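The values are calculated or read from the model by the stated rules, or taken from the named source; none is laboratory data. The structure displayed is predicted, hence computed values, not measured ones. With ideal geometry, Cβ positions are generated from the backbone for all residues, glycine too; neighbour counts draw on all protein chains shown. Heads up: the accessible areas ignore ligands, DNA and RNA and are worked out on the full protein's heavy atoms, side chains in. Shrake-Rupley method; radii C 1.70, N 1.55, O 1.52, S 1.80 Å.
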Amino acid sequence: MEDKGRESDHLMLITPERVFYAGLLGRPRKRTPGSCHVYVAVKGSLHLTTDDVQTSDELVVTLPNQRHTIASDYRTVVSVTLEPESMPDGVIEALAERLRGPDKAAYARKILAAYTLLRHRRYGDITTAEFDEMCFGEALPRRVLDPRVMRAVARIGRFSGEPVTADTCAAEAGLSASRFLHLFKEETGISFRSFRAWKRARHLLHFANQDLNLAHLAQDIGYPDSTHFSHSIRRFYGLKPRAIFVGSRDLAIYRSTETVRLAEAS
């Protein structure tokens, strides 16, 4: 499903487990997103800084929760986002090794070809496997979660305005809070609190090109107040919420059928 029906070279395809973004990068400030990012230069080079070490190349990769700064010679950059809980342990690290290896240029061309494809085709229905094939030439392995954790993940992803707590999810799973928290981290590799914080910030992407009252949006997606909202978004994205919205005015947003279905269910 396309948002606003606009034509633009700047676009974002959002699925529950992946995001394809082609647009402005913003000023290079430190960011710590909860997902893996594969950045590809549209023109020129990218400049990635992690732990005060800078790498300049046409394709760079960051792992989930890796603090980094990213800058680009060209105003538009492509970024492919992969959610870590969607894949078994070690898959993202192995993919990152391949992307940084001798086939790096081929992967960069593949992802830029996906950008060209998305500019000419409106995706209303794309599976994770199809997304991976489009960007990487193969479907990445899928993680199979315990049904009790899957229900908690789905609950967090509904963003119904009601706060999702570990106690609520534990009760629904028929577990004590401590046992549920242990199971959640064991299954996803991420603590419940960190997972919830990242998904809340990620949900902001759905509204990035809309003219909204940010204080109301913050409340709607579960932030206790505007200050918490602003600090959280800056930590994950390196930008203030207002800067994200200003830089996304010409962004065409597409959502997978599954994403739309989950939103409507909330």
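Taking the numbered list (1) closer than 23 Å to M87 by Cβ; (2) out of contact with any Cys (no Cβ under 9 Å at 6 or more places or on another chain); (3) part of a helix (DSSP H, G or I) in turn, F180 passes all entries but (2).
Consider T62 carefully, then state whether it is crowded, with 20+ Cβ neighbours inside 10 Å and in contact (Cβ under 8 Å) with a residue 60 or more places away in the chain. No.
When P84, P88 are checked against the criterion of being surrounded by 20 or more Cβ atoms within 10 Å (Cβ to Cβ) and either at pLDDT 95 or above or in contact with a Gly (Cβ under 7 Å, 6 or more places away or on another chain) (or both), P84 stands alone in meeting it. Are any of the residues in the range 35-58 within 16 Å of the chain's Cα centre (by Cα) and either outside any strand (DSSP E or B) or surrounded by fewer than 20 Cβ atoms within 10 Å (Cβ to Cβ) (or both)? For the range 35-58, residues within 16 Å of the chain's Cα centre (by Cα) and either outside any strand (DSSP E or B) or surrounded by fewer than 20 Cβ atoms within 10 Å (Cβ to Cβ) (or both): present.
Please find, within the range 18-34, the residue that is nearest to R255 (Cα to Cα) out of those that are in a loop (DSSP other than H, G, I, E, B) and small (G, A, S). Out of the qualifying residues, it is G34. Name the pairs whose Cβ atoms lie under 9 Å apart, with the first residue in the range 222-233 and more than 16 Å from P33 (Cβ to Cβ) and modelled with pLDDT under 95, the second among the acidic types (D, E) and open to solvent by 30 Å² or more (accessible area, probe 1.4 Å), and 6 or more positions between them or separate chains? Partner pairs satisfying both residue conditions: G222/E162.
For the range 142-174, how many residues meet the condition of being farther than 23 Å from A201 by Cβ and either open to solvent by less than 40 Å² (accessible area, probe 1.4 Å) or outside any loop (DSSP other than H, G, I, E, B) (or both)? Matching residues across the range 142-174 total 7. Summed over the range 204-258, the residues that are touching a His at 6+ places or on another chain (Cβ under 9 Å), not in a loop (DSSP other than H, G, I, E, B) and not charged (D, E, K, R) give a count of 3.
Please state which one of A94, A139, A106 is in contact with an Asp or Glu (Cβ under 7 Å, 6 or more places away or on another chain), open to solvent by 40 Å² or more (accessible area, probe 1.4 Å) and at pLDDT 95 or above. Unique residue meeting the criteria: A139.
Looking at the structure I just gave you, is R119 in contact (Cβ under 8 Å) with a residue 24 or more places away in the chain, assigned to a loop (DSSP other than H, G, I, E, B) and either touching an Asp or Glu at 6+ places or on another chain (Cβ under 7 Å) or among the acidic types (D, E) (or both)? Criteria not met by R119. Kindly establish whether F136 is farther than 30 Å from E97 by Cα, under 18 Å from the mean Cα position of the chain (by Cα) and not charged (D, E, K, R). Answer is no for this residue. Of all the numbered requirements in (1) modelled with pLDDT of 95 or more; (2) open to solvent by 30 Å² or more (accessible area, probe 1.4 Å), D250 misses one, and that requirement is (1).
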